[in-house]
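Here is the structure we will look at.
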Amino acid sequence: MTLRLPQERPTEPPTGYKIAHPMLSQDGTRAGFTGVSLGGALPYGVLGEARCVYGLRHRAPHRRCDCGFHCVHDRAEAEALLCTGEHRAAVLLEVSVLGAYIRFERGFRYARQRVRTMTVGSCGCGGAAVALADAGWGRPGWRALRAACAGCVRGRTSLSPAVFERLAGEGLRVRVAQGAVSSPAGLGVSELVAEAALLQARLDWFQTQLARLEERGPKA
């Protein structure tokens with residue numbers, strides 16, 4: 001006798017929470033995410049469909065496999081994962097669980113998802129984040145990003161939260177730990193302040209480089 005799991009038919013997609021690393025494509029035209037564990041080698045977009053990470057041909061999530069997107073029910077439980085050393089640079093995602101899913105005590109394993117919001121924490125130095133900057137690692141064709149304050153951006157590849165929203169598309173909302181930012185349709189006061197701080201940080205870095213070149217003097 002084969003036991004079957006009870007089937008659910010919710011009127012609205014279930015909501016879940018997970019952590020991930022924000023990513024920027026090599027050409028700077030697309031933004032997405034990559035997981036922190038099993039599926040970390042496969043960057044995905046705001047709207048994503050799971051594939052078996054083992055290369056098997058079955059559809060995810062398969063009952064006899066670990067494939068599929070993963071998330072937890074409780075936001076606080078996902079936030080707790082950000083306390084661990086290896087996940088300090090990750091961001092918190094709120095997702096809509098789409099398609100077939102398997103419910104567990106603590107969360108879901110599922111076929112498709114829509115990332116609704118991304119919450120960015122503080123810079124590694126403890127300062128307030130004004131940008132997402134190159135984290136120093138990545139995947140083929142993708143650069144990983146992490147929160148950075150105005151003083152830590154310097155000359156690294158970086159973009160503001162509002163620009164990440166626009167590149168990711170599909171209605172994604174990006175929030176910083178201190179409060180929400182508006183949609184890509186228009187920049188509010190908080191986004192303009194962040195953009196100004198980012199530009200000022202870049203200007204300070206360029207001025208420092210120019211000063212060093214002037215100290216060396218013209219080459220013969």
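Nothing in this text is a laboratory measurement; each read-out follows from the coordinates by a stated rule. Small disclaimer: the values here were computed from a predicted structure and weren't measured. Every residue, glycine among them, receives a Cβ derived from its backbone with ideal geometry; neighbour counts consider all protein chains shown.
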With a point put 7 Å past each Cα toward its Cβ, work out how far residue 166 is from residue 128 in nm, to one decimal.
2.2 nm
Please say if the range 83-164 is rounded, prolate or oblate, where rounded means a/c under 1.5 for a ≥ b ≥ c the square roots of the C-alpha gyration tensor eigenvalues, and otherwise the choice is prolate for a/b larger than b/c and oblate otherwise?
prolate
Ignoring everything except DSSP H segments at least 4 long, calculate the 222 nm mean residue ellipticity for the chain; use -39,500 (n - 2.57) per segment, divide by total residues, nearest 500.
-6500 deg cm²/dmol
Treating only Lys and Arg (+1) and Asp and Glu (-1) as charged, each at its beta carbon, one finds that the chain has a dipole about its Cα centre, in Debye to the nearest 20, of 760 debye
At a Förster radius of 25 Å, what calculated FRET efficiency corresponds to the Cβ-Cβ distance of residue 12 and residue 57, to the nearest 0.05?
0.20
Treating the angle as unsigned and between 0 and 90°, give the value, to the nearest 10°, between the Cα long axis of helix 189-216 and the longest Cα principal axis of the chain.
50 degrees
What is the range 15-215's relative contact order, in percent, from Cα pairs under 8 angstrom and six or more apart in sequence?
20 percent
Pick the calculated Rg and Dmax of the Cα atoms in Å for this structure from (1) 20.0, 87; (2) 17.3, 55; (3) 19.7, 60?
(1)
What residue among 75, 63, 112 shows peak mean-square fluctuation when the chain is described by a Gaussian network model with Cα springs under 10 Å?
63
Would you mind counting up the charge near residue 22? Only other residues with Cβ under 10 Å from its Cβ, with Lys and Arg at +1 and Asp and Glu at -1.
+2
For the range 140-164 and the range 60-91, what is the separation of their C-alpha centers, rounded to whole Å?
23 Å
So the FRET efficiency between residue 105 and residue 37, C-beta based with R0 = 25 Å and rounded to 0.05, is 0.85
